[in-house]
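Below: the structure, in structure tokens.
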Amino acid sequence: MNKNIIIIAVAAIAAFMAVLLIPRLLERDVVAEPREEPESSSTAETGSAGSRQSDAPQQQSSAPTTPQQSGANPILEAQLADAVRQVNAAGPIVIDEMTTMTAARSQGVRIQYRYELSRELNANQVRNFQNIATTQNQRTICARPETRELIDLGGEIEYVYYGPGDRYLFSTPIVGC
């Protein structure tokens, strides 16, 4: 069981490294795009990393997805739930000057890490960051033996990103390598 908790911790660290790319991304795109429409009302959040729509253009039309294999591995599910309790007990973790991992949650064989950005991103920055985070998160998780093992056992890892005002930006689920 401790081995799987270590795997989850390594997954969180891998995500931290991917998030460190944000300042470089923002430096490349310093001119803010004007908003084309005022903020619309958003769907209420459910849970600590629930559904919320963004007015920023994005490839995904919905918030975090549900695990595909819930109930398939009760031991893995219990270990993920234990890892979530430990991550959340540690409190928010500041990644860099604008990024904080605020919570984790598990649902079935999926663990979700919630990241909050303290700076507003324009639509182009969100798209760029999503592309970088999706590629980097997948590459990092699949390259590390510990996290690759979690995925190979049927586990799923999802990083969910929110902007200021609890505005859902995007998520990067990893369900296979």
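Only the coordinates and a few stated rules stand behind these numbers; no lab work does. All of these numbers come straight from a predicted model, not from anything done at the bench. Cβ coordinates were reconstructed from backbone atoms using ideal geometry, including for glycine residues, and neighbour counts include every protein chain displayed.
General remarks:
- Pairwise label distance in nanometres, ASP166 with GLN86, each label 7 Å out on the Cα-Cβ vector: 2.9 nm
- For the stretch 68-173, the antiparallel share of DSSP beta bridges with both residues in that region comes to about 70%.
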